[in-house]
Amino acid sequence: MFPDFGTPLRDWANAALDTLIIEHGDAFDAVSDALLWVFLQVEGPIRALPPWLVLAATALAAFGASRRLWPTLLAPAGLWFIGTLGVWDEAMQSFAIVLVSVIFCAIAGVPLGIVMAKSQRVRSAISPLLDLMQTIPSFVYLIPVAMLLGLGKVPAILATIIYALPPLARLTELGLRQIEPELLEAADAFGATTAQRLTSVELPLAVPSILQGINQTTMMALAMVVVASMIGAPGLGQTVLEGLQRADVGTGLIGGTAIVILAIVLDRITQAFGARKLASGQETAP
C-alpha cells in the first residue's frame, strides 16, 4: 500500500555518516580535542574549589542578582543540601558541562539572533533549522554525535549545545525586534553608525530578553544531563543512569533530587538577574 522510502533514507543517512567519518575523521578529532581542552580548563578549577568557596560565591551571585535576603540564603543552602546527599563532585561535573555548553551557546546564539533580526532572508532560512533542533528527539542526534566524536564529555557537550541553542537565538532576535522604532530613529539622528547603534542602543535594550534566553538555555542544558549520561557524560546524570541500570530507586532519587535543586538555584539566580535588568531598563526608559 505504501511506497518504501524508509530503506533508501536509512541507507543514505548511513552512507553519509560513513563518508564523514572516513574523509573528515581527522577534522572531527581535532574539534573533539579542542573542545575537550576547553572543558578541562573549566572543569578542573571548578572541581578543585573548596565547597565553602562555592557556597560563598553562590550567595554573592544570588545577592547580586536579586538584592534580597531569602534568595541569598536559599541558593547556597540548596547547594549545601546537594553536598549532604554525597554527590557534590558529581554536581560540579554537571555544572561544568552546563557552563561550557551555555558559553558556547552564547557565543553562537547571540550573533545568530542578531543576524536573524537584521535579515528577513536569514531568519526564514534559519528558523526551520531551529525548529528542527528543538523538536527532534535528543536520542536521534546522539547516535551520529557519538559515532563522529566517540563517547564521553565532548559528544555530551555538543549534543547539549544543539539542544539548548535555539531559545537563546530566538529570544535575542525577539529582543532586538521589539525595540521601539523611535529609539532607533533617535540614534540615527545623532549620527550613529550601524555598529554604534547596535552596541550602544539595540543590545543594551535587548539585554533582558537575552538574559531570559540564557535562562532558558541553561534549563534546557540541565535537562540534557541525564540523556547525555547515556553517551558517557559524567555527573549527576550518571548517578541517575546507574540507579536505572541497577533498579536502585534510592540512587536514582538522590541524583534526580540533586539535579532539581541545581536547576532551581541556577533558574532563580538567572531569572532574578534578568528581572532586575528589565526593571532598571523600564525606569530609565523615557
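Please treat every number below as a calculation from the coordinates, not as lab data. Because the structure is a prediction, the values reported are computed rather than measured. Cβ placement follows ideal geometry from the backbone for every residue including glycine, while neighbour counts extend to all protein chains displayed.
Of note:
- Total charge dipole magnitude, the chain, about the Cα centre, Cβ charges on Lys, Arg, Asp, Glu only, Debye to nearest 20: 780 debye
- Distance from the Cα centroid of segment 39-99 to that of segment 197-268 is 13 Å (rounded to whole angstrom).
- Diffusion constant of segment 214-264 at 4 °C, which comes from Stokes-Einstein with the Kirkwood Cα-pair radius and 1.567 mPa s, µm²/s: 119 µm²/s
- Electrostatic bookkeeping for residue 166 treats Lys and Arg as +1 and Asp and Glu as -1; over the other residues with beta carbon under 14 Å from its beta carbon, the sum is 0.
- Taking the square roots of 5 times each eigenvalue of the Cα gyration tensor of segment 84-234, largest first, gives ellipsoid semi-axes of 35, 17, 11 Å.
- Near-label residues of segment 95-113 by backbone N, under 14 Å of a point 7 Å along Cα→Cβ of residue 47: 95-98
- Over segment 1-151, the hull volume per residue, using the convex hull of the C-alpha atoms, is 214 Å³.
- Rounded to the nearest whole Hz, the Karplus-based 3J(HN,Hα) values (6.51 cos²θ - 1.76 cosθ + 1.60, θ = phi - 60°) of segment 100-115 follow the sequence 4, 5, 5, 4, 5, 4, 5, 4, 8, x, 5, x, 5, x, 5, 5, with x at glycine and proline.
- When the helices of the chain are scored as -39500 (n - 2.57) per DSSP H run of n ≥ 4 and the total is divided over every residue, the value at 222 nm lands at -29500 deg cm²/dmol.
- Scattering profile of the chain at q = 0.10, 0.16 Å⁻¹ [log10 I(q)/I(0), Debye over alpha-carbon scatterers]: -0.64, -1.30
- Surrounding net charge for residue 185, when Lys and Arg each add one and Asp and Glu each subtract one, Cβ distance under 13 Å: -3
- Backbone geometry of segment 12-17 corresponds, through the Karplus equation with coefficients 6.51, -1.76 and 1.60 at θ = phi - 60°, to 3J(HN,Hα) couplings of 5, 5, 5, 5, 5, 5 Hz, x marking Gly and Pro.
- Whole-Hz ³J(HN,Hα) from phi, Karplus 6.51 cos²θ - 1.76 cosθ + 1.60, for segment 206-220, glycine and proline x: 8, 4, x, 5, 5, 5, 5, x, 5, 4, 5, 5, 4, 5, 5
- With the highest mean first, a sort of the peptides 197-210, 135-148, 23-36, 77-90 on other beta-carbon atoms found within 10 angstrom per residue produces 197-210, 77-90, 135-148, 23-36.
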